[in-house]
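The values are calculated or read from the model by the stated rules, or taken from the named source; none is laboratory data. None of these values were measured; they are calculated from a predicted model. A quick note on method: Cβ atoms are made from the backbone with ideal geometry, for glycine too, and the neighbour counts reach across all protein chains shown. Surface areas here come from the heavy atoms of the whole protein model, side chains and all, with no ligands, DNA or RNA. Shrake-Rupley method; radii C 1.70, N 1.55, O 1.52, S 1.80 Å.
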Amino acid sequence: MFKSWLEKACLDPSLYGLHSLRRTFPTHIYQQTDNLRAAQLLLGYASIERTKEYIGTEQAEALDIARKYHL
């Protein structure tokens, strides 16, 4: 069903997966608000640490620091 939705939207099904879509919205919410608790609730996780790992907050923070210092 998911593949047919992508095809109807003229998107390449090989570029998208259900797992990546599940993670996109909470990640976007976190990036816009810095509210990790909201992302945790959206994902349904009990642990903040698991949420941080799942949406890659540490990687994003590292990239932001590198950009800030032009590394």
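Using a Gaussian network model of the chain whose springs link C-alpha atoms within less than 10 Å, name the residue from Leu42, Leu11, Leu21 with the highest mean-square fluctuation.
For the chain, modelled as a Gaussian network with Cα springs under 10 Å, the answer is Leu11.
Roughly speaking, what is the stretch gain from Ser4 to Ser20, that is 0.36 nm per residue apart minus the C-alpha to C-alpha distance, in nm to one decimal? Please list the in-between numbers first.
On the way: separation 16, 0.36 × 16 = 5.76 nm, distance 1.69 nm.
Roughly 4.1 nm would be gained on extension.
Considering only DSSP states other than H, G, I, E and B, which chymotrypsin sites (Phe, Trp or Tyr not before Pro) in the chain qualify as loop sites with at most 13 other Cβ atoms within 10 Å? Intermediate values should be presented prior to the final figure.
On the way: sites: Phe2, Trp5, Tyr16, Tyr30, Tyr45, Tyr54, Tyr69; in loops: Tyr16, Tyr45, Tyr69.
Those that pass, being in a loop and sparsely packed, are Tyr69.
For P(r) over Cα pairs in 5 Å bins from 0, in percent, the choices are (i) 4, 16, 22, 22, 19, 10, 5, 2, 1, 0; (ii) 3, 16, 20, 17, 13, 15, 12, 3, 1, 0; (iii) 3, 17, 28, 29, 15, 6, 1, 0; which was calculated from the structure?
(ii)
Which of the lysines could be linked to Lys68 by a straight reach, that is with a Cα gap under 28 Å, when you skip same-chain ones fewer than 8 residues away?
Leaving aside lysines fewer than 8 places away in the same chain, those within reach of Lys68 are Lys52.
Kindly report, to the nearest 10 Å², the accessible surface of Asp34 as traced by a 1.4 Å probe over protein heavy atoms only.
120
Just how much of Ser4 is accessible, in Å², when a 1.4 Å probe is used and the result is rounded to the nearest 10?
Using a 1.4 Å probe on the heavy atoms, I get roughly 50 Å².
Each residue of region 59-66 in order: what ³J(HN,Hα) in whole Hz does its phi give by Karplus 6.51 cos²θ - 1.76 cosθ + 1.60, θ = phi - 60°, with x for Gly and Pro?
5, 5, 5, 4, 5, 4, 5, 4
Just read off the accessible area of Lys68 with the full protein assembly in place, 1.4 Å probe, to the nearest 10 Å².
The accessible area comes out at roughly 140 Å².
When the chain is modelled as a GNM with alpha-carbon springs shorter than 10 Å, which of Thr33, Thr57, Thr24 fluctuates the most?
The residue that fluctuates most here is Thr33.
What percent do you get for the relative contact order of the chain when only Cα pairs under 8 Å and 6+ apart count?
On the way: 35 pairs, mean separation 13.0, N = 71.
With pairs under 8 Å counted, the relative contact order is 18 percent.
For region 43-53, what does the Karplus curve 6.51 cos²θ - 1.76 cosθ + 1.60, with θ = phi - 60°, yield as ³J(HN,Hα) per residue in whole Hz, taken in order and with x for Gly and Pro?
The phi angles translate into 7, x, 8, 7, 10, 5, 4, 5, 4, 4, 5 Hz.
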